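*Asks:* Got a structure for you, written out below as structure tokens; questions coming shortly.
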Amino acid sequence: MEEYDIIIIGGGPAGLTAGIYAGRAGKSVLILEGRALGGQIINAPDVRNFPGILAISGAELASNMFKQVQEFGGEVKFERAMGIKDMIVHTDGGEYKAKAIILATGAENRKLGLYGEDKLVGKGVSYCATCDGNFFKNKTVAVVGGGNTALEDATYLSAIAKKVYLIHRRDEFRGDEANIKKVKECDNVEMVLSANVKEILGEDKVTGLVVELKDGEEKEIAVDGVFFAIGYVPQASEFADLVKLDKDGYIETEDGIHTSAKGIYVAGDARKKDLKQLVTAASDGAIAVSVALKEME
């Protein structure tokens, strides 16, 4: 059985950053990734909110981070972690023992499963207003959702876009009164309530939405982009028998790093946090390694 100082489960920005920092510290490190390196960021055609980099594609950024991991001696295996027992990670391809394990499995954006939703990601479909809002300056966009994130996204986009439609399937919002008040004060935000998005229009880019209103009537709304703010699905269920998860499936932690299991840490969107961004994921990865190294001594 192969043994490593640190095993990182997940090859997104948090996991890759952890790999860089562990390698720089002279530790043997293995990153396990069951899908594609980079996580959700590889779907971003243009990243402009990472400090020090004016513009880069998400795929190129992930590739550069992977090269850094390799430069510092880190190893990557494309295997899916199935569980952990006695600090041994069991995957669909083998077993690996570690002194410390970092869970960086992330969270996926909750989707509606509409026709064209996946095809038009990065071409008008987005799940992050603060990431992609600037691409829609003086354009018309829609925000789909009724919680605090949707309300905050609509308020944020109102300062960038010419027009914002806020579409919610219920007749009232689930967010805080303060956020509801803010969005109502935005002159260019139009609320479309008791409405369900049925279809995303457009072939090479988003051109509009089809929504079904309360009375069953379908209506087309012309937009240049649509931001879905309907929540996330944390990718941590495989470890529910080992670390504590909250009611939504996120890994519980008192300090943002330690899980309920000794020697196992968490980084990135697999834990509950307010801001899910590239820069915070990278920060989490660096901090998790720093703490793990001190406790391994």
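*Asks:* What about Val69, is it in a strand (DSSP E or B) and closer than 15 Å to Ile20 by Cα?
*Replies:* Criteria not met by Val69.
*Asks:* Suppose we filter region 233-261 for residues that are part of a strand (DSSP E or B) and touching a Gly at 6+ places or on another chain (Cβ under 9 Å); how many remain?
*Replies:* Counting residues in region 233-261 that are part of a strand (DSSP E or B) and touching a Gly at 6+ places or on another chain (Cβ under 9 Å) gives 2.
*Asks:* Would you confirm whether any residue within region 235-245 is surrounded by fewer than 20 Cβ atoms within 10 Å (Cβ to Cβ) and under 20 Å from Tyr127 (Cα atoms)?
*Replies:* no
*Asks:* Return a yes/no flag: does region 96-106 have any residue that is touching a residue at least 60 places away in the same chain (Cβ under 8 Å) and farther than 19 Å from Gly15 by Cβ.
*Replies:* no
*Asks:* What is the one condition in (1) farther than 27 Å from Pro51 by Cβ; (2) touching a strand residue (DSSP E or B) at 6+ places or on another chain (Cβ under 8 Å); (3) crowded, with 21+ Cβ neighbours inside 10 Å that Gly225 does not satisfy?
*Replies:* Answer for Gly225: the failing condition is (1).
*Asks:* Inspect all residues belonging to region 62-81 and state whether any of them is closer than 19 Å to Gly34 by Cβ, modelled with pLDDT of 95 or more, under 24 Å from the mean Cα position of the chain (by Cα) and of a type in the set (Phe, Trp, Tyr).
*Replies:* Yes, region 62-81 contains at least one residue that is closer than 19 Å to Gly34 by Cβ, modelled with pLDDT of 95 or more, under 24 Å from the mean Cα position of the chain (by Cα) and of a type in the set (Phe, Trp, Tyr).
*Asks:* Just the residues that are surrounded by 21 or more Cβ atoms within 10 Å (Cβ to Cβ), assigned to a helix (DSSP H, G or I) and at pLDDT 90 or above, please, taken from region 1-57.
*Replies:* Correct list: Pro13, Ala14, Gly15, Leu16, Thr17, Ala18, Gly19, Ile20, Tyr21, Ala22, Gly23.
*Asks:* Looking only at region 195-218, which residues are surrounded by 14 or more Cβ atoms within 10 Å (Cβ to Cβ), in contact with a Leu (Cβ under 9 Å, 6 or more places away or on another chain) and not acidic (Asp, Glu)?
*Replies:* Passing the criteria: Ala195, Asn196, Val197, Lys198, Ile200, Leu201, Gly202, Val206, Thr207, Gly208, Leu209, Val210.
*Asks:* Still on this structure: Being in contact with a helix residue (DSSP H, G or I) (Cβ under 6 Å, 6 or more places away or on another chain) and of a type in the set (A, V, I, L, M, F, W, C) is the filter here; which residues of region 44-81 pass it?
*Replies:* Ala44, Val47, Phe50, Ala59, Ala62, Met65, Val69, Phe72
*Asks:* Taking the criterion of being of a type in the set (Gly, Ala, Ser), closer than 28 Å to Pro45 by Cβ and in the same structural domain as Gly145 (by TED's automatic domain parsing), would at least one residue in region 205-214 satisfy it?
*Replies:* Yes, because at least one residue in region 205-214 is of a type in the set (Gly, Ala, Ser), closer than 28 Å to Pro45 by Cβ and in the same structural domain as Gly145 (by TED's automatic domain parsing).
*Asks:* Then there is this: Among the residues of region 208-255, count how many are in contact (Cβ under 8 Å) with a residue 40 or more places away in the chain and out of contact with any Pro (no Cβ under 9 Å at 6 or more places or on another chain).
*Replies:* 24
*Asks:* Looking at region 246-265, is at least one residue under 23 Å from Ala154 (Cα atoms) and either in the same structural domain as Ala22 (by TED's automatic domain parsing) or of a type in the set (Val, Ile, Thr) (or both)?
*Replies:* no
*Asks:* Related question: For region 238-256, which residues satisfy the criterion of being under 18 Å from Val291 (Cα atoms) and out of contact with any Asp or Glu (no Cβ under 9 Å at 6 or more places or on another chain)?
*Replies:* Within region 238-256, Ile251, Thr253, Glu254, Asp255 meet the criteria.
*Asks:* Being at pLDDT 95 or above, closer than 25 Å to Phe50 by Cβ and not aliphatic (A, V, I, L, M): is that true of Gly285 here?
*Replies:* yes
*Asks:* State which residue pairs qualify: first residue closer than 14 Å to Cys128 by Cα and without any contact (Cβ under 8 Å) to a residue 12 or more places away in the chain and inside region 37-49, second residue in a loop (DSSP other than H, G, I, E, B) and not hydrophobic (A, V, I, L, M, F, W, C) in any location, beta carbons under 6 Å apart, and separation of 6 or more residues or different chains.
*Replies:* Correct list of pairs: empty, since none qualify.
The values are calculated or read from the model by the stated rules, or taken from the named source; none is laboratory data. No experiment lies behind these values; they were computed from the predicted model shown. In this analysis, Cβ positions are derived from the backbone assuming ideal geometry, glycine residues included, and neighbour counts consider all displayed protein chains.
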